[in-house]
Amino acid sequence: SWGGALAQQFAFQNPRRCRHLVLVSTSTGSLMIPGRARVLRLMTTPRRYRDPAYAVSIAATLYGGTLRDHPELARQLFSAERLGAPGGYLLQLLAGAGWTSLPALPFIRQPTLVLTGRDDPIIRVVNGRMMTALLPHARLHVFDDGHLGLVTKAGELAPLVANFVQDTPAAARPV
């Protein structure tokens, strides 16, 4: 998600230090096809970080996928000791509102694997398709889960990522 934004910026700015790029449940930042208004409203409330019970109650709507059918998993993922700081999330939202990778994507030469969940209410699949079309050496994998698929479908996605990184030759670097 937001880590994918950071990864895109890093790959663009440091092509010699980044051999492969794996983007999971992420987008191009402020210039993207947004999720539904209700989902975005739920994302922006700091209550998610102060109240574990509230975080669990909105998890299915916000993250989709496996969390729709397994609320017990949401209780594990959003326990009090795992919640982040509201101030940090506010800074994350502000950074995302003022940043986009859209003009940089054609210049990212690293082989890129774009993973996106078919049932991700935050980052719609069309964003993954758009990124894959703009990244010169990208391939898209749409998985059957939601925004937290990297966690909830780790057994399926981790081998995909490992194989991609091991089997894909790094793109030629400009000198």
| Counting only complete DSSP H runs, which helices of the chain cover 18 Å or more along their long axis at the Cα atoms and score a mean Kyte-Doolittle of 0.5 or above? | 154-167
| region 74-148 pair-distance distribution - Cα-Cα, 10 Å bins, rounded % | 17, 33, 37, 13, 0
| note | For ALA104, placing the label point 7 angstrom along Cα-to-beta-carbon and taking region 21-47, residues whose amide nitrogen sits under 16 Å are 21-24, 26-32
| field | Accessible area (Å², 1.4 Å probe, nearest 10) - TRP2 | value | 100
| field | region 3-60 and region 120-175: distance between their alpha carbon centers, rounded to Å | value | 14
| Accessible surface of ARG129 in the full protein assembly, 1.4 angstrom probe, to the nearest 10 Å²? | 130
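If R₀ is 35 angstrom, what is the calculated FRET efficiency for the pair LEU90 and VAL165, using the beta carbon separation as r and rounding to 0.05?
Details: r = 33 Å, r/R0 = 0.95.
E between LEU90 and VAL165, to the nearest 0.05, is 0.60.
What 222 nm value per residue comes from the helices of the chain, counting each DSSP H run with n ≥ 4 as -39,500 (n - 2.57) and dividing by all residues, nearest 500 deg cm²/dmol?
Working: 10 runs with 87 residues, N = 175.
About -14000 deg cm²/dmol.
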| field | Accessible-area ranking of MET32, MET131, largest first, probe 1.4 Å | value | MET32, MET131
| query | So what's Rg/Rh here for the chain, counting alpha carbon atoms and using the Kirkwood radius for Rh? | reply | 0.98
| Separation in nanometres of the label points that stand 7 Å from Cα toward Cβ, at ARG75 and GLU156 | 2.5
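For MET43 and ARG129 in one chain, what is 0.36 nm times their gap in residues minus the Cα-Cα distance, to one decimal in nm?
On the way: separation 86, 0.36 × 86 = 30.96 nm, distance 2.29 nm.
My answer for the length gained is 28.7 nm.
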| said: Highest mean first, how do 51-63, 33-45, 3-15 rank when packing is the count of other Cβ atoms within 10 Å averaged over residues? | reply: 51-63, 3-15, 33-45
| message | Looking at the chain only, what percent of DSSP beta bridges run antiparallel? Nearest 5 please. | response | 10
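The values are calculated or read from the model by the stated rules, or taken from the named source; none is laboratory data. Note that the coordinates shown come from a computational prediction; the quantities given were computed from them, not determined experimentally. All Cβ positions, even for glycine, are placed from backbone atoms using ideal geometry, and neighbour counts span all protein chains on display. Accessible surface is based on the protein model in full, side chains and every heavy atom, while ligands, DNA and RNA are left aside. Shrake-Rupley method; radii C 1.70, N 1.55, O 1.52, S 1.80 Å.
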